[in-house]
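First comes the structure, then the notes that go with it.
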Amino acid sequence: MNKKLKRVSMQELDTRLSKIVDEARDHPVAVTRYNTPWVWIVSHNVWVDIEKLKSVVPEGHPLAEVRRLTDADIQASAPLLGDTAGSYDTYMPAPAIFRCLMLQVLFSLGSADRVYDELRFNLLYRWFIGIETFREPLDSREQLRERLAAMRGRSSALDLLGRCLEAVRQSAHAREFQIDEQALLEWQRQFPNP
């Protein structure tokens, strides 16, 4: 695991608060509750970076609208998405991986490698998936490739993706996206019809 990011449980936070806060001066610390991300402890500099990024994301941008339309559904479905991190030593939570899958379909990005390349340079895409600054690490190219494949292999994730894409199709910004319907159909074919 990259040493720049630390994850701690609530129990560990309770017992080692001062030391963990001290560590957060150098690197963000993710605090988990029931094995899911709960809060972050970040330094002032990281917080300022996040605020700067928010000012870069245009209020009326179509991707900002998609995030508004789908955030509640994605958060409510986070337990169904499962822990796609599995045995990987990763940074990105399952909802971020799901949003990467959305980007792949919304913009017809094709491969997981293309998604990874876009995330390395596109602030708006990072914001969309929930990676707020360039200081926050991404999973490696290989990890993202494997985790996207695992996400595509979950029927619950594909059902959620279908619902999210339907909300996009019905939005005022539907024409802004090049939805890769073929990719979605191919992924859904692996599951028998109910």
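The values are calculated or read from the model by the stated rules, or taken from the named source; none is laboratory data. Note that the structure is predicted; figures quoted are calculated from it, not measured. Positions of Cβ are backbone-derived with ideal geometry, glycine not excepted, and every protein chain shown enters the neighbour counts. Keep in mind that these areas ignore ligands, DNA and RNA; they rest on the heavy atoms of the full protein, side chains included. Shrake-Rupley method; radii C 1.70, N 1.55, O 1.52, S 1.80 Å.
Of note:
- Looking at segment 95-194, the helices (runs of 4 or more DSSP H) lying wholly inside it that each contain 1 or more residues that are under 17 Å from ALA78 (Cβ atoms) sit at 123-129, 141-152, 155-169.
- In segment 107-116, the condition of being surrounded by fewer than 18 Cβ atoms within 10 Å (Cβ to Cβ), at pLDDT below 90 and among the charged types (D, E, K, R) is met by no residue.
- Residue selected from segment 29-44 under the condition touching a helix residue (DSSP H, G or I) at 6+ places or on another chain (Cβ under 7 Å) and outside any strand (DSSP E or B), by the criterion surrounded by the most Cβ atoms within 10 Å (Cβ to Cβ): VAL42
- Cross-chain or 6+ apart pairs with Cβ under 7 Å, segment 97-110 first and touching a residue at least 60 places away in the same chain (Cβ under 8 Å), then not in a helix (DSSP H, G or I): VAL105/ILE179; VAL105/ASP180; LEU106/PHE177; LEU106/ILE179; PHE107/PHE177; PHE107/GLN178; SER108/GLN178; SER108/ASP180
- Residue match in segment 81-90 (condition: at pLDDT 70 or above, open to solvent by 40 Å² or more (accessible area, probe 1.4 Å) and more than 13 Å from the chain's Cα centre (by Cα)): no
- Only residues that are among the aliphatic types (A, V, I, L, M), touching a Lys or Arg at 6+ places or on another chain (Cβ under 7 Å) and either more than 19 Å from PRO95 (Cα to Cα) or at pLDDT below 70 (or both) were counted in segment 26-58, giving 1.
- Taking the criterion of being hydrophobic (A, V, I, L, M, F, W, C) and either exposed (fewer than 13 other Cβ atoms within 10 Å of the Cβ) or free of Cβ contacts under 8 Å to residues at least 24 places away in the same chain (or both), the residues of segment 150-194 that qualify are ALA172, ALA174, LEU185, PHE191.
- GLU23 fulfils the conditions (1) farther than 28 Å from GLU146 by Cα; (2) at pLDDT 75 or above; (3) in contact with a Lys or Arg (Cβ under 9 Å, 6 or more places away or on another chain); (4) loosely packed, with under 13 Cβ neighbours inside 10 Å except for a single criterion, (4).
- Residues of segment 117-149 classified as aromatic (Phe, Trp, Tyr) and open to solvent by less than 40 Å² (accessible area, probe 1.4 Å), total: 3
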